[in-house]
1. What FRET efficiency would be calculated for the residue pair Thr10, Val76, taking the C-beta separation as r and a Förster radius of 30 Å, to the nearest 0.05?
2. Report the rotationally averaged projected area of the chain based on its alpha-carbon convex hull, in square nanometres.
3. Are there GluC sites (Glu not before Pro) in the range 60-107 that DSSP puts in a loop and that have at most 12 other Cβ atoms within 10 Å, and which ones?
4. With label points built 7 Å along Cα→Cβ from the Cα atoms of Gln59 and His104, find their separation and express it in nm.
5. I need the trypsin sites (Lys or Arg not before Pro) found in the range 1-101, filtered to DSSP loop residues with at most 11 other beta carbons within 10 Å of theirs.
6. Measuring with a 1.4 Å probe in the full set of protein chains, what accessible area per residue, in whole Å², belongs to the chain?
7. Chymotrypsin sites (Phe, Trp or Tyr not before Pro), restricted to the range 1-41: which are DSSP loop and have at most 10 other Cβ atoms within 10 Å?
8. Run the reach check for Lys42 against lysines, Cα to Cα strictly under 16 Å, same-chain hits fewer than 8 apart removed. What comes back?
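The values are calculated or read from the model by the stated rules, or taken from the named source; none is laboratory data. None of these values were measured; they are calculated from a predicted model. Cβ placement follows ideal geometry from the backbone for every residue including glycine, while neighbour counts extend to all protein chains displayed. These accessible areas exclude ligands, DNA and RNA; they are computed on the full protein's heavy atoms, side chains included. Shrake-Rupley method; radii C 1.70, N 1.55, O 1.52, S 1.80 Å.
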Amino acid sequence: MVQTQADPYTNQFVLSGIVCKTPKYSQSPAGIAHCIFVLEHKSMQIEADLNRNSYVRIQVVASGDKFRSQLEHLYVGQGLQVRGFLNRHESRNGLSQLVLHAQHIERIN
């Protein structure tokens, strides 16, 4: 058996689903465009040889000019596959949540 050592800095996540909340567009003081939306995923997965319903809602942040034209006509119900990394965001009231920071977005509808 060949053992490989895992990269301790790997943080890649891929999820497909539909946009379920109206996207919010903003621009940072530095002029960087941001689009924030929520992606909803529903599927059937196999776990321990049994079917399991999987349901996920995650906030997605897409930043930079490379997404500007791709996301300007984004709408609720739009199917997407998003690849990126997970990061912890903390709200003003101190609650933390995982957020998907997009590095690649593909429309699937």
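1. Values: r = 32 Å, r/R0 = 1.07.
According to the calculation, E is roughly 0.40.
2. One quarter of the hull surface, i.e. the mean projection, equals 10.3 nm².
3. Numbers: sites: Glu72, Glu90, Glu106; in loops: Glu72.
Listed in order of number, the matching sites are Glu72.
4. According to this spin-label approximation, the distance is 2.6 nm.
5. Numbers: sites: Lys21, Lys24, Lys42, Arg52, Arg57, Lys66, Arg68, Arg83, Arg88, Arg92; in loops: Lys21, Arg92.
The qualifying sites are Arg92.
6. Working: 8000 Å² over 109 residues.
In whole numbers, the chain has 73 Å² accessible per residue.
7. Answer by residue number: Tyr9.
8. Partners within reach: Lys21.
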